[in-house]
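The values are calculated or read from the model by the stated rules, or taken from the named source; none is laboratory data. Just so we're clear, the structure is a prediction, and the values are computed from it rather than from any experiment. Cβ atoms come from the backbone with ideal geometry, glycine included; neighbour counts cover every protein chain shown. Accessible surface is based on the protein model in full, side chains and every heavy atom, while ligands, DNA and RNA are left aside. Shrake-Rupley method; radii C 1.70, N 1.55, O 1.52, S 1.80 Å.
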Amino acid sequence: MIMNVIRNNKIVAGILAFVRIYIGLAWLTAGLGKVSAGFDASGFIQGAIAGAGGEHPAVQGWWAVFLENVALPNAGVFSFMVAWGEVLVGIALILGLFTNFAALMGITMNFAFLFSGTVSTNAQMVLLTIFLIIAGANAGRYGLDRWAMPFLKRHIGNRKHNKTHKPDLATA
């Protein structure tokens, strides 16, 4: 019953629109700050790797190995992906366009930041984003998803493999 309310109720959709826009503004402002400042993730990555040591590490070893061997050598790529990812997730959530995908990408970044030992607003954003993901299409009901998703379903998603019967000329 609660899932039906979260996924279909128009009042809940209105509340989710406010949640979605709030989270979107947080992503957009963080991303624009990074893009305009020429964000370099290497210092953050090095700090996270350092956080994996000691008696009570804030970063788990497996994550530090990933950061050290994949993220740090490609810090430029990760810097670009984080800064522009935050901007794009923010815009998509504010507009309610591809809401579920944007929420999924946002929560992925939140978890990456949490795994790296930062708390900040990430835990709050994870909690709110879970509601958007659970709500499914209702999270974008009062946004551009209202028009974009039916359009995509009509033109892409429900294509039937329209195989017309062609007579075999060899047997005719």
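Regarding region 10-30, can at least one residue be identified that is out of contact with any Lys or Arg (no Cβ under 8 Å at 6 or more places or on another chain), surrounded by fewer than 20 Cβ atoms within 10 Å (Cβ to Cβ) and part of a loop (DSSP other than H, G, I, E, B)? Among the residues of region 10-30, not one is out of contact with any Lys or Arg (no Cβ under 8 Å at 6 or more places or on another chain), surrounded by fewer than 20 Cβ atoms within 10 Å (Cβ to Cβ) and part of a loop (DSSP other than H, G, I, E, B), which makes the answer no.
Considering region 133-145, and only residues there that are assigned to a helix (DSSP H, G or I) and either open to solvent by 20 Å² or more (accessible area, probe 1.4 Å) or in contact (Cβ under 8 Å) with a residue 60 or more places away in the chain (or both), the residue that is nearest to residue 48 (Cα to Cα) turns out to be 133.
For every residue, the table says whether it meets (1) touching a helix residue (DSSP H, G or I) at 6+ places or on another chain (Cβ under 6 Å); (2) over 19 Å from residue 109 (Cα atoms); (3) without any contact (Cβ under 8 Å) to a residue 24 or more places away in the chain.
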site	(1), (2), (3)
29	no, no, no
37	no, yes, yes
41	yes, no, no
47	no, no, no
55	no, yes, yes
58	no, no, no
64	yes, no, yes
68	yes, no, yes
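Residue 152 meets the conditions (1) among the hydrophobic types (A, V, I, L, M, F, W, C); (2) open to solvent by less than 90 Å² (accessible area, probe 1.4 Å); (3) at pLDDT 95 or above in every case but one. The failed one is (3). Among the residues making up region 26-52, a single one is charged (D, E, K, R) and more than 20 Å from the chain's Cα centre (by Cα): 40.
From the list 15, 6, 23, the lone residue that is modelled with pLDDT under 95, farther than 18 Å from residue 117 by Cα and within 21 Å of the chain's Cα centre (by Cα) is 6.
Residues in region 1-26 that are in contact with a Leu (Cβ under 7 Å, 6 or more places away or on another chain) and either among the basic types (Lys, Arg) or free of Cβ contacts under 8 Å to residues at least 12 places away in the same chain (or both): 20 alone. The set of residues in region 109-132 that are part of a helix (DSSP H, G or I) and open to solvent by less than 60 Å² (accessible area, probe 1.4 Å) comprises 109, 110, 112, 113, 114, 122, 123, 125, 126, 128, 129, 132.
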